[in-house]
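Presented below is the structure to which this report refers.
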Amino acid sequence: MKRASMKPEMSNNFDKFKRTMKRIGWDAHSMNGNMSSTSSIFLYVYDHETRWTWTCKMDKQIFSQIANDKSTFSKVESVNNVGAIIGFCIQTSELGELEQILAVSIASYIGQTTTYSATQQGTTHCHFCVVNYRSMNKVRPIAMAGNQYEFNSADEFLRSVSNTIAYDIKNHPEWFSATTSGNNQRL
């Protein structure tokens, strides 16, 4: 959507959203102004190798439809899609349509994880992150606390990611050894 074609109130919402995102440590490049006050699921990506981050906000009903639809992608397809699409996103400076594809892929993947089940299908937590261990060909879901109307701060996000990576290094050292880097295993 081009900003010039937005209604004035949508443009104001967009500007307000960008200011809010900047205040809590994020750089917002695009957003759907209609979603600023709806109950949402927040998706985040962290690429361990490049430190690339990405986030989006998805209407909770749309997220639930995608996450609970097991007929679109198998679990293996979902996890492979997420890793591949993150790889494409990292390599381009203009995400465009890739962002929508990434959001749908993450929703599909998260819906097939025990992390999603443990949050009672996004009821107890509405912030989900995928840590991409690209060099090891692994993706890892995280459920994070936060409210249903705004993003977690960049500091909160990075703290959750850092804690998860520290946990993984301690409890799964084989993921980080040179001998397992060729495995095509997704978490």
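A short reminder: the numbers here are calculations on the coordinates, not readings from a lab. Just so it is clear, the model here is predicted, and its values are computed rather than measured. Positions of Cβ are backbone-derived with ideal geometry, glycine not excepted, and every protein chain shown enters the neighbour counts.
Calculate the spin-label point distance for residue 155 paired with residue 84, positioning each point 7 Å from the Cα along the beta-carbon direction, and give it in nanometres.
4.0 nm
Answer rounded, prolate or oblate for the range 40-178, using the Cα gyration tensor with square roots of eigenvalues a ≥ b ≥ c: rounded when a/c is under 1.5, else prolate when a/b is larger than b/c, else oblate. If you can, show how the numbers build up before the last one.
On the way: a/c = 1.31, a/b = 1.19, b/c = 1.10.
It comes out rounded by the Cα gyration axes.
Test of understanding: what is the full-extension gain from residue 65 to residue 174, defined as 0.36 nm times their sequence separation minus their Cα-Cα distance? Can you show the working numbers first?
Working: separation 109, 0.36 × 109 = 39.24 nm, distance 3.54 nm.
Contour length minus the Cα-Cα distance gives 35.7 nm.
Taking the Cβ of residue 168 as the center, what net charge do the other residues with Cβ under 11 Å away carry, scoring Lys and Arg +1 and Asp and Glu -1?
On the way: positive: 138, 140, 170; negative: 174.
After counting each charged neighbour, the total is +2.
Between residue 167 and residue 99, with labels modelled 7 Å along Cα→Cβ, what's the label distance in nm to one decimal, could you check?
2.9 nm
Which distance in nm do the two modelled labels at residue 77 and residue 117 give, with both placed 7 Å along the Cα-to-Cβ direction?
2.1 nm
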